[in-house]
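Okay, so here's the structure we're looking at.
What follows is calculated from the coordinates using simple rules that are stated; it is not laboratory data. These numbers were taken from a predicted model, which means no experiment stands behind them. Cβ: placed from backbone, ideal geometry, glycine included. Neighbour counts: every protein chain shown.
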Amino acid sequence: MTIINETIFYDKPGSCGTCPFFYNGSTHLRPGEVKEHCRMFDEMHKSYINPPKRCQKIFNKAFRMPDGSELVITINNE
């Protein structure tokens, strides 16, 4: 188990739809759209795609850390 921005991950997500940051509830934020919302990057995309490279890098880094560690991702405003 690892924690990324106060969200618990037990395993690396295989698709965006299995990521805890991905909002894929029974209702859409925007009705009629196929895309759903990623809370981590504030983006809309499909749930069945593989996680983007930037997400894979974050997951790889987080899961190399000791069990129970917390990784905090911040926004660079430069």
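What 222 nm value per residue comes from the helices of the chain, counting each DSSP H run with n ≥ 4 as -39,500 (n - 2.57) and dividing by all residues, nearest 500 deg cm²/dmol?
-5000 deg cm²/dmol
Simple spin-label model, 7 Å along Cα-to-Cβ: residue 71 to residue 49 in nm?
The answer from the label model is 2.0 nm.
Output the relative contact order of the chain, whole-number percent, from Cα pairs under 8 angstrom with separation of 6+ residues.
This gives 39 percent for the chain.
Using a ≥ b ≥ c from the Cα gyration tensor of the chain (square roots of the eigenvalues), is it rounded, prolate or oblate, where a/c under 1.5 gives rounded and otherwise the larger of a/b and b/c decides, a/b for prolate? Display every interim value, and only then the final one.
Numbers: a/c = 2.09, a/b = 1.66, b/c = 1.26.
Since a/c reaches 1.5 and a/b is larger than b/c, the shape of the chain is classed as prolate.
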